[in-house]
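The values are calculated or read from the model by the stated rules, or taken from the named source; none is laboratory data. Computed from a predicted model, the values in this text were never measured in an experiment. As a convention, Cβ positions derive from the backbone with ideal geometry for all residues, glycine included, and neighbour counts pool all protein chains shown.
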Amino acid sequence: MLFDRDGTLVVDVPYNGDPAAVRPMPGAADALARVRAAGVPVGVVSNQSGVARGLLDVAQVAAVNARVEELLGPFAVWRWCPHGAEDGCPCRKPAPGMVLDAAAALGVAPGDVAVVGDIAADVGAADAAGARAVLVPTPATRREEIDDARTRGRLADDLLGAVTLLGFGDGQFGGRQFGGRQFGGEE
Ligand SMILES: [Mg+2]
Ligand SMILES: [Zn+2]
């Protein structure tokens, strides 16, 4: 299961390069724990266009990612895109590159992956990759994106709601509804 970083796992601080400013979103630790407890690997896919815009350097992104890992990790895979919207790269969400690449790194088919994020780019990357998607809106999420996700049954109020929708609810048998595939056991 892949998560967007800013506005999903941690509070969005635009172009944050300061590890001390990292704050988990409500329910993030519990949601991740449920998924991990079912033996399903969790990862992060994050756009960091601040690098392309000269607002962040790679070391700052790495430092913030390390802090996220400290607070909410471990994550089985990390992928982040340093490019800007005009670069036409294959990785910046809503392009599917990071989702496909993370799935390959985990050794799972894209159709057995879910992406949880807070904006249309996250959902779009999942769709483009053939993965499942759940939108967990923040006040920054556009109204029509929320309405669309609700219509398509992939809207959750928070991260616990998102993992519940994906089959990792309290008391659910984790993984049974997750792409019809059971995880855990062998590696
Ligand atoms: Mg986000
Ligand atoms: Zn990119």
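Numbers below:
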{"quantity": "Qualifying positions in the stretch 91-103 - among the aliphatic types (A, V, I, L, M) and within 16 Å of ligand 2 (Cβ to nearest atom)", "calculated": "Ala95, Met98, Val99, Leu100, Ala102"}
{"quantity": "Test: residue in the stretch 117-124 that is crowded, with 20+ Cβ neighbours inside 10 Å and acidic (Asp, Glu)", "calculated": "yes"}
{"quantity": "Residues that are over 14 Å from Leu2 (Cβ atoms), away from ligand 1 (no atom under 16 Å from the Cβ) and not in a helix (DSSP H, G or I), drawn from the stretch 108-150", "calculated": "none"}
{"quantity": "Pairs, first on the phi < 0 side of the Ramachandran plot in the stretch 86-115, second within 16 Å of ligand 1 (Cβ to nearest atom) and modelled with pLDDT under 95, C-beta under 9 Å, six or more apart", "calculated": "Arg92/Ala85"}
{"quantity": "Residue satisfying condition, being at pLDDT 95 or above, part of a loop (DSSP other than H, G, I, E, B), buried (at least 21 other Cβ atoms within 10 Å of the Cβ) and away from ligand 1 (no atom under 16 Å from the Cβ), within set Val35, Val40", "calculated": "Val40"}
{"quantity": "Subset tally (residues that are within 14 Å of ligand 1 (Cβ to nearest atom), on the phi < 0 side of the Ramachandran plot and part of a loop (DSSP other than H, G, I, E, B)) for the stretch 1-21", "calculated": "9"}
{"quantity": "Some residue of the stretch 69-77 being touching a Gly at 6+ places or on another chain (Cβ under 8 Å), within 15 Å of ligand 2 (Cβ to nearest atom) and closer than 22 Å to Pro19 by Cα", "calculated": "no"}
